[in-house]
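Read the structure below first, then the notes.
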Amino acid sequence: MNVFKDLEARIKTAVEALEIVKTSEASINLDRITVEPPRDSSHGDIASNVAMVLAKPLGMNPRALADMIAEAFAGDPDVLHTTVAGPGFLNFRMSAGYWQRLLVEICEAGTDYGRSDFGAGRKVNVEFVSANPTGPMHVGHCRGAVVGDALANLLSFAGYAVDKEYYINDAGSQIDVLASSVYLRYREALGESIGEIPAGLYPGDYLVPVGQALAAEYGQRLASMPEAERMEIIKDRAIAAMMDMIRDDLKALNVVHDVFFSERTLHADGATAIRRAINDLTYKGHVYKGKLPPPKGQLPEDWEDREQTLFRSTDVGDDIDRPLIKSDGSYTYFAADVAYFRDKFERGYSEMIYVLGADHGGYVKRLEAVARAVSGGQTKLTVLLCQLVKLYRGGEPVRMSKRSGDFITLREVVEEVGRDSVRFMMLYRKSSEPLDFDFAKVTEQSKDNPVFYVQYAHARCHSVMRQAVEVIPDIDISAETLAAQDFAGLTDESELALIAKLAEYPRLIDAASAAQEPHKVAFYLYDLASALHTHWNRGRDTPELRFVNDKNRQLTSARLGLVYAVASVLKSGLSITGTDAPLEMR
RNA sequence: GGCCCCAUAGCUCAGUUGGAUAGAGCGCAGGAUUCCUAAUCCUGAGGCCGAUGGUUCAAAUCCAUCUGGGGUCACCA
């Protein structure tokens with residue numbers, strides 16, 4: 001149950017039953033009514049703006065209207081009391097019985113509590129990472145990988161049918177460079193002295209084993225093949241090896257994709273897929289031959305005025321038309337992108353999300369244009385831009401140069417600071433905000449990392465369980481038994497506040513999904529952990545509030561139910577962020 | 001120059017999509033363990049929400065302009 005939806009329905013019923021509403025000539029719009037946690041919990045458990053929204057059309061004073069609506073809840077056993085405050089807020093304090101019933105529900109649902117039908121089973125494609133298969137993942141890919149993965153987890157939990165997808169850029173000239181680099185390593189493996197790796201080729205050691213494998217399999221045969229044939233073989237092997245490496249890297253970050261889509265397949269069979277996509281666009285009237293205006297500002301030195309086949313994307317929201325076919329007749333990268341979108345569209349996704357780095361910001365409008373032109377506006381396409389991550393080590397910026405191969409790999413980061421720390425840090429910030437990532441901070445002072453705070457809360461829950469079994473050896477802490485408890489003993493303000501925090505979870509899931517903001521989950525987890533730690537510490541000053549009480553078995557079981565519920569929600573949220581929920585931390 | 005993102009406490013950031021007295025962590029000042037894990041908690045100080053106008057019962061939030069910071073621009077992929 002989502003308590004806010006529950007109360008919203010009750011409020012609307014109450015409003016519709018009001019005499020003044022029934023007889024009103026004005027059009028009453030109930031959509032703008034909000035029912036949410038109040039900013040300050042001292043105001044109550046649940047707050048609504050209902051009176052302020054309806055006051056004007058009804059020609060009433062908001063506070064007076066709020067009083068009228070409050071009347072409807074006067075005899076309701078679920079509502080302890082209502083207050084009207086500020087400009088006309090209607091605040092509800094819910095009864096202990098209401099919260100106790102909710103707790104039963106949370107215990108029964110366990111880690112499924114909060115799962116919703118918000119997405120109504122709609123098919124969503126989340127494309128993220130999509131790093132070029134020319135080397136290991138580097139640290140720059142980290143944020144997009146984590147944000148995309150967590151977003152997909154979140155949407156899945158919120159009732160969407162989600163596919164996590166990786167677009168392999170295995171068709172362009174950088175793949176030719178990769179193949180040439182591997183060929184050099186192959187010759188090296190055959191005993192040839194290759195000297196310094198020429199500029200323009202990939203110098204990294206990670207290509208050495210690829211060359212060795214080729215040498216072992218083919219011996220001298222590759223070298224004597226015609227170049228075209230040889231390069232095809234090398235490309236296949238090189239791409240496969242790079243993707244294996246990338247998959248391993250991603251796995252170390254706990255990221256697993258459902259679909260790996262190869263750009264090369266779009267170019268296969270005489271580029272059938274791309275030709276079909278361009279034909280489709282042409283049929284719909286979006287393609288023409290013409291010249292693009294020169295770029296504004298400083299004119300590049302090698303600028304040439306030439307005629308090309310263009311996509312009239314300016315008709316569908318773009319700033320400038322985009323080339324589909326180069327002057328030499330080959331297809332642009334963008335043409336493949338159109339075909340790729342079309343492929344996804346035909347696979348039936350009603351929503352597509354691209355998670356990109358901020359450096360791809362210029363690409364957003366043309367992707368949206370493609371979506372409009374190809375799907376006729378049927379598909380909702382959103383681009384989530386992750387701002388860049390700045391690396392520091394003890395306050396000093398970390399410099400990286402790609403050319404010398406001296407960049408930090410994703411694997412190094414994971415190994416140095418730990419998978420969960422990396423993931424949570426990446427999620428503990430709105431993705432539209434730039435992120436400073438300091439190795440020293442995340443490792444040396446580990447308490448600076450909020451993931452430990454949340455994980456400790458989960459571990460503490462289980463510690464209480466262990467303690468309970470020690471003190472009351474035959475107590476039953478199975479989920480079924482805890483859910484079947486009589487929770488009437490849970491009446492302390494602090495206990496009810498904790499349940500109220502749990503009550504926010506389903507609402508948070510829906511809100512985070514709607515906004516496509518997985519960071520909200522991380523922040524909620526921190527809040528919930530804080531509520532648990534606060535409550536736990538109250539047991540220091542007030543021993544009667546401790547979870548485990550060997551003189552009151554009934555009360556202990558009820559409180560363990562609460563602990564179990566908190567642990568379940570923490571575990572559920574942590575699994576959305578893709579991090580572990582440890583049973584103990586020592 | 002065009003487009004995109006950002007600006008909130010000394011620092012790093014949230015802010016429930018327009019609501020009440022703007023919150024948290026770190027740092028600073030003070031306090032809490034014979035006790036279910038002190039990897040925790042409590043109290044205090046700290047704010048012209050970059051600037052100016054506009055929209056309305058209500059603006060950190062929406063609109064316009066400006067200032068400052070980051071990203072990006074063309075047969076690359």
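The numbers here are math on the coordinates, done by the rules we state, and not lab data. None of the values given here were measured: they were computed from a predicted structure. Note that we place each Cβ from the backbone using ideal geometry, even for glycine, and neighbour counts take in every protein chain shown.
With the cut-off at 35 Å, report for chain A the share of all Cα pairs above it, as a whole percent. Roughly 53 percent, rounded to a whole number.
For region A:7-111, a simple Cβ point-charge model (Lys and Arg +1, Asp and Glu -1, everything else neutral) yields a dipole of about 240 debye relative to the Cα centre.
If only the Cβ of Lys and Arg carry +1 and only the Cβ of Asp and Glu carry -1, the dipole of chain A around its Cα centre is close to 580 debye. Between residue A:258 and residue A:275, full extension at 0.36 nm per residue minus the direct alpha carbon distance yields a gain of 3.4 nm. With a threshold of 28 Å on the Cα-Cα distance, the over-threshold entries among A:365/A:571; A:251/A:344; A:344/A:365 are A:365/A:571. Sorting A:231, A:585 by the number of Cβ atoms found within 10 Å of their own Cβ, with the fewest placed first, yields A:585, A:231. Dividing the summed helix terms, -39500 (n - 2.57) for each DSSP H run of n ≥ 4, by the number of residues in chain A produces a 222 nm estimate of -16000 deg cm²/dmol to the nearest 500. Label sites at residue A:177 and residue A:71, each approximated as a point 7 angstrom past Cα along Cα to Cβ, lie 7.6 nm apart. With a cut-off of 14 Å between beta carbons, the residues surrounding residue A:120 carry a summed charge of +1, where Lys and Arg count +1 and Asp and Glu -1. Taking region A:200-238 and a reference point 7 angstrom along Cα→Cβ of residue A:412, the backbone N atoms nearer than 16 Å belong to A:203-207. Note on region A:390-443: Rg/Rh from Cα positions, Kirkwood definition for Rh, rounded to two decimals, is 0.97. In a reduced charge model with +1 at each Lys and Arg Cβ and -1 at each Asp and Glu Cβ, region A:390-443 shows a dipole moment near 200 debye about its Cα centre. Radius of gyration over Kirkwood radius for region A:3-94, both on Cα atoms: the Rg/Rh ratio is 0.93. Would you please give the FRET efficiency between residue A:304 and residue A:360, computed as 1/(1 + (r/R0)^6) with r the Cβ-Cβ distance and R0 = 30 Å, to the nearest 0.05? Efficiency computed from Cβ-Cβ geometry: 0.75. Of the residues A:458, A:533, A:519, the one with the fewest other Cβ atoms within 10 Å heads the list, and the complete ranking is A:533, A:519, A:458.
Put the Cα centre of region A:138-209 next to the Cα centre of region A:43-101 and the gap is 57 Å. Along its three principal directions, the equivalent ellipsoid of region A:184-234 from the Cα gyration tensor extends over semi-axes of 18, 13, 10 Å, largest first.
Placing a pseudo-label 7 Å from each Cα along the Cα-to-Cβ vector at residue A:12 and residue A:232 gives an inter-label distance of 6.2 nm.
Relative to the current alpha-carbon distance between residue A:30 and residue A:283, full extension at 0.36 nm per residue lengthens the span by 86.6 nm.
Shape analysis of region A:251-312 places it in the oblate category; the axes a ≥ b ≥ c from the Cα gyration tensor give an a/c of at least 1.5, with a/b not above b/c. In a fully extended conformation the segment linking residue A:42 and residue A:440 would gain 139.3 nm over its present Cα-Cα distance, using 0.36 nm per residue. Ranking A:314, A:472, A:206 by how far each Cα lies toward the positive end of the dipole of chain A (charges on Cβ) leaves A:314 at the top.
Which of A:414, A:434, A:394 sits farthest toward the positive end of the charge dipole of region A:390-443, with +1 on the Cβ of Lys and Arg and -1 on the Cβ of Asp and Glu? So the residue furthest toward the plus end is A:434. Legend: calculated FRET efficiency, residue A:544 to residue A:380, from the Cβ-Cβ distance at R0 = 41 Å, rounded to 0.05, equals 0.15.
Here the residues A:407, A:424, ranked from fewest to most Cβ neighbours within 10 Å of their Cβ, fall in the order A:407, A:424. The Cα trace of region A:435-556 gives Rg and Dmax of 17.2, 51 Å, the first to one decimal, the second as a whole number.
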